[in-house]
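Note sheet for the following structure.
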Amino acid sequence: MNNKRLLILIIFGLNVGLVFSQNWDIDLLRKTNLNRNINLDKSLILTTHTAAPLSISTPIIFFTTGVLLKDNLIIGKSIYSAETLLISNILSTSMKYLINRERPFIKYPELQNITRVSSPSFPSGHTSTAFALATSLSLAFPKWYVIVPSFLWAGLVAYSRLHLGVHYPSDVIAGIIVGCGSAFLSIKINYYINKNTEAKLFFIGR
């Protein structure tokens, strides 16, 4: 089977899955969005918009720190994190426009859209970015004080997309898979490119 046919089958399967998942998907979103605590709206809008700036600034901060300390391991880990975020963004953006799923508040006007969006719905780009950053940091720096806050933040970003009415739960789940998967895919790519052990250590915490 060639790549074009495989891609068509994957897209078809995803669309079929979206149709069958629609009932639980919209029911859970309605419960989350319409029964939300409106006092949390402003804080969750702020949280949801931290995904992009943190994904850009975090690798830069670690890279700068590595350069200042002349620590090649930190520099390598910052590059790994940046690569993970790039892969996640490419995958999620490509899927959005290939699948082209309508935003839930457009199809279901009773939902309350609390923040501005412009791209298609599936998968959640904010969620994939947040989990790509959280997973790459956790693999690069496997300490509880990195892992716990990273995934708590990523989970809050994911929840915010439902609270704000801009994504179905399946969009968010797909975003988590894309984000986490990108971190492991980046490791595989770096293992393939960098054959020696020293280079591999740049991408996994010791």
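Please list 27-40, 115-128 highest first by mean number of surrounding beta-carbon atoms within 10 Å per residue.
Values: 27-40: 13.4, 115-128: 21.9.
So the order, starting with the most tightly packed, is 115-128, 27-40.
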Taking the Cα centre of the stretch 26-200 as origin, sum charge times position over the Cβ atoms of Lys and Arg (+1) and Asp and Glu (-1), and report the length of that vector in debye to the nearest 20. 60 debye
Note to self: Kirkwood Rh of the stretch 26-200, Cα pairs, one decimal, Å, is 16.8 Å
Relative contact order for the stretch 26-200, counting Cα pairs under 8 Å that sit 6 or more residues apart, in percent: 31 percent
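Values quoted throughout were computed directly from the atomic coordinates according to the rules given, and no laboratory measurement underlies them. In this text, all values refer to a predicted model and were calculated from it rather than measured experimentally. With ideal geometry, Cβ positions are generated from the backbone for all residues, glycine too; neighbour counts draw on all protein chains shown.
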